[in-house]
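Undergrad: Right, I'll just put the structure down here and ask away after.
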Amino acid sequence: MFGAFFFLRFESANIYPYEHSSDILLNTFHEDDTVKHSLVDVQNKSQSLLFKYTLHKEIKEPFAGIYFHQAQKDSFFDFSSFNQIKIYIKSKKGKRIPFYLTLNESSFTTPNEVFSNLPLFCIINYTKEGWYVLDKNDFEIPSWWLRDYGLKKSEVFDIDYSRVNYLMLYSCQILSPGITDEIEIKSIQFCNSNTKLYFGFIFFICLFNLVYFLFYKNKKKIVIPYVIQEVEEKKSFKNNQTQIIVDLIAQNYALNDLSMDWIYQKTKIPKREIGNIFKNQFNTSFKEYLNLIRLTESKRLLKETSLSISEIAYLVGYNNVTHFNRVFKEKIGISPSEFKEK
């Protein structure tokens with residue numbers, strides 16, 4: 001059962017803080033205008049990055065941001081084996097912050113043309129400092145890119161997430177130009193969400209326990225034989241001797257040496273009294289009562305198991321198969337083999 005636990009995936013990959021700072025480059029970007037553009041800066045603090053920007057007032061759609069990319073040429077971030085990006089940020093004023101991935105897709109990407117990379121974005125709806133989780137399935141292709149390439153979303157599929165060349169954090173979409181904002185970044189990492197697997201695992205455990213409880217744990221040990229028809233379950237006796245003797249037989253009928261003498265040794269109830277109990281309470285003898293108990297159980301075993309007749313005879317307390325066959329036919333009317341085949 002617990003083997004299912006090992007299907008859960010716990011690995012992660014840090015983008016920032018860097019494992020090796022020389023492997024990843026960090027830079028800023030803004031509108032493609034050499035004269036007028038938004039102000040942007042990024043500072044390395046002791047345990048975080050501080051992204052500062054002021055959007056230009058005279059640009060129709062101003063933007064700014066920072067990006068990470070691999071230092072080595074033709075090297076990529078591999079996001080293929082992960083399903084989430086986690087980012088820890090603290091924003092001063094921004095509330096709606098886009099996060100982008102761009103991918104080097106052979107169908108679209110042209111060398112040295114940044115905008116030919118396939119972009120995917122997800123919005124961070126900022127409320128307070130802390131972790132924000134971006135699911136892979138929540139990333140979308142921006143409409144402007146689809147429009148430029150004359151494509152529909154349905155026409156872009158089988159995305160290769162092993163070739164991520166840029167990770168970008170943009171300026172807030174709803175912040176007015178001219179206002180300076182600061183976004184502090186403490187961590188960015190690729191990771192896996194095990195929520196579905198985890199709940200599937202928990203469901204499996206609950207189901208297993210339910211089945212176990214219903215079919216194993218909840219099974220009660222039934223003392224064979226069953227109470228004979230002449231004895232009513234709720235009948236009260238003048239003393240508890242009758243109940244003691246009946247229970248003792250029910251629990252030990254399989255002993256081939258079970259007798260009134262054996263019961264006397266266990267209970268110290270005189271044999272004469274034992275005989276009178278069966279005569280007065282059940283209108284039968286001790287021997288007849290014991291045979292009825294043993295035959296009741298033997299009939300169940302003949303119908304419900306594949307045990308041989310000799311095995312059943314010994315299991316219910318007979319040490320002689322011939323004697324068992326004779327008693328069975330005398331009391332039931334047919335032989336054990338005929339009863340089994342009915």
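No value in this document is a laboratory result; all are computed from the given coordinates. In this text the structure is predicted, and so the values were computed from the model without any measurement. Using ideal geometry, Cβ is built from the backbone for each residue, glycine included, and neighbour counts are taken over all protein chains shown.
Undergrad: Sticking with the crude label model, points 7 Å out along Cα→Cβ, report the distance from E155 to R96 in nm, one decimal please.
TA: Between E155 and R96, the simple spin-label model gives 2.8 nm.
Undergrad: Given labels modelled 7 Å from the Cα in the Cβ direction, how far is it in nm from D23 to K329?
TA: Simple spin-label model gives 8.7 nm for this pair.
Undergrad: In the neighborhood of A13, defined by Cβ-to-Cβ distances under 10 Å, what is the net charge if each Lys or Arg adds +1 and each Asp or Glu adds -1?
TA: -3
Undergrad: Turning to a different aspect of this structure: Mind computing the radius of gyration and Dmax over the alpha-carbon atoms of the stretch 259-322? Å is fine for both.
TA: According to the Cα coordinates of the stretch 259-322, Rg and Dmax are 14.3, 41 Å.
Undergrad: For a label point 7 Å from the Cα of E129 along Cα→C-beta, name the residues of the stretch 149-191 whose backbone N is under 15 Å from it.
TA: Under cut-off, by backbone N: 182-187.
Undergrad: Using a Förster distance of 45 Å, how high is the FRET efficiency between S106 and I59, based on the Cβ-Cβ distance and rounded to 0.05?
TA: E(calc), rounded to 0.05, equals 0.85.
Undergrad: Still on this structure, I have one more. Mind scanning K266/K342; K45/K86; K266/K329; K287/K342; K45/K95; K60/K92 and naming the pairs with a C-alpha gap bigger than 30 Å?
TA: K266/K342; K266/K329
Undergrad: Continuing with this model, one more query. How large is the dipole of the stretch 120-196 about the Cα centre if only Lys and Arg carry +1 and Asp and Glu carry -1, each at its Cβ, rounded to the nearest 20 debye?
TA: 180 debye
Undergrad: While we're on this one: Let's test the formula: R0 of 30 Å, r as the Cβ-Cβ distance of S259 and T305. What FRET efficiency results, to the nearest 0.05?
TA: In this case the efficiency is close to 0.65.
Undergrad: Separate question: With labels modelled as points extended 7 Å from the Cα through the Cβ direction, what inter-label distance (nm, one decimal) is found for T267 paired with E341?
TA: 4.1 nm
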